[in-house]
Structures are given as structure tokens and as C-alpha cells.
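Chemist: Have a look at the structure that comes next, please.
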Amino acid sequence: MEIFIEATQEKATALAASIVAGSIAKKPDLVLGCATGRTMDRLYACLIEDCQKRGLSFSEVKTFNLDEYIGLAKEDERSYAYYMNQVFFSKTDIQLSNTHILDGMTSDFEAECRQFEAQISVSGGIDLQLLGIGQSGHIGFNEPLSSLGSRTRDKKLMRITREQNKAFFNNNVEEVPESALTMGVGTILDAREILLVATGEHKAEILAKALEGPITAMISATVLQLHPACKVIVDEAAANQLATLEYWKS
Ligand code: F6R
């Protein structure tokens, strides 16, 4: 694991975006695992700028999104499918047929998740997986006690996660769906490279536990310690509870 500490959120997300852009430059048909959420907003904005002003092309890139709320259609502006289209895909030259997002309206979760895993395999596996970290320590929506070997499946969301995301649901936690489809921890670990991005003081405590604590299914992000090619990009606010802070800063 390598940890990169940048002074600000802007610098951290710009660095993460430059790593993604560099990977696409090396492999134009990169298979990119995408995340959503506030951390990703700025990162996607940087990639859009690279695409619109600096000739970065997504025309051969394939994407697989980490998760989707159960019960939200892709036309629903609170769904992750809608988010990806609005915030990212529609502003790049990506081919929508190359993008894959779990269908939160499916009546058959198992079949949907099996098919999603099969599509990842057919694409040759995920080259680079983007991750954020939730207050519960989740990656994707792998809430505490998710099996560290889990595959894509449905998962009940913790109250803390629903609280974290209520801003997108009229600030009403009751409106946040109770469950989601998510790549499993094992699915995420299969990616060839992983890029975890965390910014803000509110991430400092869980980030320190995730990166420096014992590996435990109670905090699914701790499993990243096992990955041979995981980069973590943080701002100073998110890094400030790391016991190894000085080591990574120097
Ligand atoms: C979203 C996802 C989540 C978020 C995490 C952080 O697709 O899988 O794991 O990455 O909850 O969210 P933000 O960036 O909003 O703090």
C-alpha cells in the first residue's frame, strides 16, 4: 500500500484523476471500476476537463460501477445510474454500451449480480478500481460483517450509511433506500489496481482504522491491506489520525 497525502481536497482528487488519466493513456481500453459520492464529484470533474480540453479519450474505456440502490430506476435522479450519466458519462466520449451499472429495479437480484460478475470476467477483469470509504468503513456498500470473500450481491444498509447519504434524499434518512446491490469485497480485491480516495476530517478516524488497524470484516476497507497494488490518496484533514503520518509525509 502507498499513501499519498496532499494539502487539500482539490489537490488529492486532482492527483487521483491524473493517475486514472495516466492509466487510460497507457491502456485506452482500460476497464475502470467507478464509485459515486461526494469524493468522486471533483475527480470526475478533473477527468471531464482532461477529456474536453486535453484530448483524453474514453471511447474504448469500459466501466463497472460499484453499487446501486435497490428500488431506484436509472431515470430516478437519486440513483447512481442517473448520477453517472449526469455527472460523468454524458460529458465524455464514453460509449454508454461500455458502461455497466447494476439494475436496482431488477426482480431477480441473484441473476442480476451473477450477470454483472460475468460481464466483468468477459471484459478481462477490472484494471483500476476507484473507491471511496464510508463512515461505516464500507467500500462499495459492503457494510460491517460483509464476508471478505463476498461477491456482488444485495446488502442491507446501516443506519450510519443512510444518514451519510440523506442529503440526496431531502435530508430525510427514511427516504434513503434500505438496501443496495454492491460488488463484493472479493470482487473489489480482484481488481488489478485499486485507488482509494478519502478527503475531509470526518474520514480521519475510519481511515486510520482501515489502513492501520487489524484486518476485520467489521471494517471492510481493512481488506485493502491485502491488495498488492493499492494506492490511497488523501488530503491532510483525512490523514491526520494516521499513526504513520510523518512517514508518508516525508
Ligand atoms: C459509492 C460507494 C461508497 C462511497 C462512500 C463514500 O458508490 O460505493 O462506498 O464511495 O460511501 O462516499 P462519499 O464520497 O460521499 O463520502
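Chemist: Can you tell me which residue in the stretch 211-236 is farthest from S146 (Cα to Cα), limited to those that are in contact (Cβ under 8 Å) with a residue 40 or more places away in the chain and of a type in the set (D, E, K, R)?
Modeler: E236
Chemist: Scan the stretch 91-104 for residues that are of a type in the set (S, T, Y), outside any loop (DSSP other than H, G, I, E, B) and open to solvent by less than 40 Å² (accessible area, probe 1.4 Å) and report the count.
Modeler: Within the stretch 91-104, residues that are of a type in the set (S, T, Y), outside any loop (DSSP other than H, G, I, E, B) and open to solvent by less than 40 Å² (accessible area, probe 1.4 Å) number 1.
Chemist: Pull out all pairs, ordered by first then second residue, where Cβ-Cβ is under 7 Å, the residues are six or more apart or on different chains, the first lies in the stretch 134-160 and is in contact (Cβ under 8 Å) with a residue 24 or more places away in the chain and of a type in the set (D, E), and the second is within 12 Å of the ligand (Cβ to nearest atom) and in a loop (DSSP other than H, G, I, E, B).
Modeler: E143/S136; E143/L157; E143/M158
Chemist: Now for a separate question. Taking I133 and the conditions (1) open to solvent by less than 10 Å² (accessible area, probe 1.4 Å); (2) in contact with a Gly (Cβ under 9 Å, 6 or more places away or on another chain), which numbered condition does it fall short on, given that it satisfies the others?
Modeler: (2)
Chemist: Now a separate question. Please list, ordered by residue number, the helices (runs of 4 or more DSSP H) wholly in the stretch 123-217 having 2 or more residues that are β-branched (V, I, T) and at negative phi.
Modeler: Values: elements: 159-164, 185-189, 204-212.
Here the list reads 159-164, 185-189.
Chemist: Oh, and also: What residue, of E174, E163, is open to solvent by 60 Å² or more (accessible area, probe 1.4 Å), within 12 Å of the ligand (Cβ to nearest atom) and either acidic (D, E) or at pLDDT below 95 (or both)?
Modeler: The unique qualifying residue is E163.
Chemist: I've got another one for you. Of the residues A208, A217, A204, only one is away from the ligand (no atom under 12 Å from the Cβ), within 26 Å of L245 (Cβ to Cβ), of a type outside the set (K, R) and open to solvent by 10 Å² or more (accessible area, probe 1.4 Å); which? Reasoning before the result, please.
Modeler: Values: A217 fails: within 26 Å of L245 (Cβ to Cβ); A204 fails: open to solvent by 10 Å² or more (accessible area, probe 1.4 Å).
Unique residue meeting the criteria: A208.
Chemist: Provide a single number: the residues in the stretch 131-141 that are more than 7 Å from the ligand (Cβ to nearest atom) and out of contact with any strand residue (DSSP E or B) (no Cβ under 6 Å at 6 or more places or on another chain).
Modeler: Matching residues across the stretch 131-141 total 2.
Chemist: Also: Here is a check on your reading of the model: is T182 open to solvent by less than 10 Å² (accessible area, probe 1.4 Å), away from the ligand (no atom under 13 Å from the Cβ) and out of contact with any Cys (no Cβ under 8 Å at 6 or more places or on another chain)?
Modeler: Criteria not met by T182.
Chemist: Filter the stretch 107-122 for residues that are under 12 Å from D190 (Cβ atoms) and surrounded by 14 or more Cβ atoms within 10 Å (Cβ to Cβ) and give the result.
Modeler: Of everything in the stretch 107-122, those that are under 12 Å from D190 (Cβ atoms) and surrounded by 14 or more Cβ atoms within 10 Å (Cβ to Cβ) turn out to be E117, I120.
Chemist: Let me ask another. Please work out if I188 is closer than 20 Å to K155 by Cα and aliphatic (A, V, I, L, M).
Modeler: Details: closer than 20 Å to K155 by Cα: yes; aliphatic (A, V, I, L, M): yes.
Taking the combined requirement at face value, the residue satisfies it.
The values are calculated or read from the model by the stated rules, or taken from the named source; none is laboratory data. Note that the coordinates shown come from a computational prediction; the quantities given were computed from them, not determined experimentally. Because the Cβ atoms are built from the backbone with ideal geometry, glycine has one as well, and the counts that use them run over all protein chains shown. Just the protein is used for accessible areas: all its heavy atoms, side chains included, with ligands, DNA and RNA removed. Shrake-Rupley method; radii C 1.70, N 1.55, O 1.52, S 1.80 Å.
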